[in-house]
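See below for the structure under consideration.
FYI, it's all coordinate maths here, none of it is from the lab. Worth saying up front: this structure is predicted, and the values here are computed from it rather than measured. Neighbour counts are summed over all protein chains in view; Cβ atoms, including those assigned to glycine, are modelled from backbone coordinates with ideal geometry.
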Amino acid sequence: MPGFVISQRLIIALTAILLLFSGAARAASTVTAVDIADASVTLRFDAPVATASAFVLTGPQRIAVDLPGARMGRVSASGGLIAATRHGQYDPNTARVVFELTKAAVVGDATFSDDHRALTLTLKPVSESLFGRAVRKGRQLFGLDARAVGARDAQNGGITVPLDPPKPLPVPAVSGARGTRRPLVVIDAGHGGHDPGSQSADGRHKEKDVALAIARAIRDELVSSGRVRVALTRSDDRFLVLGERREIARRLKADLFISVHADSAANAAARGASIYTLSEVASDRVAAQLAAKENRADVLNGVDLGGENNEVSSILLDLAQRETMNISSQFATLLQREMSPTIHFKDEAHRFAGLIVLKAPDVPSVLLETGYISNDGDLALLLSPQYRRNIAIGVRKAVEIHFAKRLTGE
C-alpha cells in the first residue's frame with residue numbers, strides 16, 4: 001500500500017536523522033531477537049544499527065559480535081553451528097553477543113537488511129588451522145562503505161544512515177619532558193567504569209578510585225622530575241579491556257608500563273604492598289588467585305569482553321618476550337627497594353603471575369599492589385595524600401635509576 005510505504009520511509013528517515021544528529025539516539029537500538037539457522041545467525045533490532053564487527057576466540061571456540069549504538073535485550077538461542085548464546089554490555093553504547101560454536105567456523109559473509117534492523121551472519125565451517133588463522137587476523141568490520149568510512153546508503157529512499165566505526169583505541173595525552181627521545185612511562189589505573197575492582201569493608205571506597213588517585217600522583221611526580229614523558233591509560237572513570245591497556249602502551253611505544261591496583265583479602269588482617277611481573281607459572285597460590293581475580297575484569301555477565309587469544313601465549317616463547325620479562329623483573333626489584341623506606345611491603349613481595357595486562361611482548365611491565373583496601377590500616381593510608389605521594393616518590397626514584405642504568409648499559 002502506498003501510504004504504508006511512505007510512512008515506513010518517513011520512519012526510517014526520521015531515525016536516520018536522529019542517528020546523524022543525536023549521540024543519544026545512537027545508543028537507543030535494542031537487540032530484540034536472535035534467529036539461528038543451520039549455517040547462519042540473524043540479529044534483529046528495534047531501531048537501525050549502523051555497523052557491526054566480529055572476531056573469533058579460542059578456549060572454547062566462539063564468535064563475538066560487537067554492535068555499536070545498541071543495547072542488549074533478553075535473547076537466547078542455539079542450534080546449527082551455535083551451541084549457546086551469551087551477551088552483555090561492552091560499554092553503555094555497545095552490545096556484545098558471543099556465540100559458542102559446536103565446531104570451528106568463521107563469518108563468511110555479513111549482510112544488513114535495507115533498513116538496518118537486522119544483521120545476518122553467514123557461518124562457514126573451517127579447519128582448526130584456518131580457525132587459528134582467523135583468531136590471529138582479528139576483527140572483521142561490517143556495514144562500512146569502503147569509499148567513505150562512517151557513512152553508507154541504507155537504500156531506503158535515498159536516506160543515508162551514518163555509520164559509527166568501532167570505537168578506536170584511546171590514545172592518551174603525553175606530558176612531562178619534551179622531546180621524543182625521553183623515555184615514556186605509561187601509568188595504568190586499574191579497573192574503572194562498571195568494574196569497581198575491590199571495595200572497602202563498608203563498601204564506601206572502591207579500588208578504581210584509589211588506583212586513579214595514586215596513578216595521578218605518580219604522573220605528577222614523574223612530570224615534575226622533568227626526566228621522562230608520562231601518559232595515563234585512563235584519567236577518568238572509564239572501563240578499559242585489559243588488552244587495551246597494554247596496547248595503549250605499545251601504541252605509544254612506551255619504555256615502561258606500571259599498572260596500579262589495591263589488593264584485597266578475606267582476611268582483614270592482611271596488609272602491605274606487593275609487585276607482580278609476568279609468568280605463565282604463578283609463583284604461589286596467592287599469585288594464582290590474584291591473576292584469576294584481575295583477569296576476570298574482562299568478563300561481564302558471563303561474557304568475555306576482552307577477546308584474549310593464544311597469539312600472545314605464543315609470543316611469550318619468543319626471545320624478545322623473555323628479555324622483556326627479565327627487564328620487568330629487574331625493575332620490580334628496584335621498585336621495591338626505592339619504595340621500602342616509606343611503604344610497607346609484604347614478605348616475598350615480588351611475585352609472578354599470568355596477568356593479561358602485563359603481556360605486552362615489548363614493553364617492560366609491572367603490576368603494583370599499593371596496599372589492602374580490605375584492611376582498615378592500609379585503607380587509611382591509601383586515602384592519605386601523603387601516602388600517595390610517598391608511593392609516587394618511590395616510583396619516581398626507581399624510574400630514574402632504571403633508565404640511568406639502561407642508558408649506561410648496566
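Taking the empirical scaling 2.2 N^0.38 Å for compact globular proteins as reference, segment 224-278 has a Cα radius of gyration ratio of 1.44.
With the simple spin-label model, which puts each label point 7 Å out from Cα in the Cβ direction, the SER76 to ARG204 separation comes to 4.1 nm. Taken along the Cα-to-beta-carbon direction at a fixed 7 Å, the label points for THR120 and ASN326 span 5.7 nm.
Counting Lys and Arg as +1 and Asp and Glu as -1 over every other residue whose Cβ lies under 13 Å from the Cβ of GLU221, the net charge comes to +4. With both labels modelled 7 Å from their Cα along Cα-to-Cβ, the ASP237 to SER224 distance reads 2.7 nm.
Overall shape of segment 31-95 was characterised from the C-alpha gyration tensor. The equivalent ellipsoid obtained from it has semi-axes of 19, 14, 11 Å, in decreasing order. For segment 195-258, what is the charge dipole size about the Cα centre, in debye to the nearest 20, if Lys and Arg each add +1 at the Cβ and Asp and Glu each add -1 at the Cβ? Using Cβ point charges on Lys, Arg, Asp and Glu, segment 195-258 gives about 340 debye.
Fully extending the segment from ALA39 to ARG139, taken as 0.36 nm per residue of separation minus the present Cα-Cα distance, adds 34.0 nm.
Does segment 180-289 come out rounded, prolate or oblate, given a ≥ b ≥ c as the square roots of the eigenvalues of its C-alpha gyration tensor, rounded meaning a/c under 1.5 and, failing that, prolate meaning a/b above b/c? Since a/c reaches 1.5 and a/b is larger than b/c, the shape of segment 180-289 is classed as prolate.
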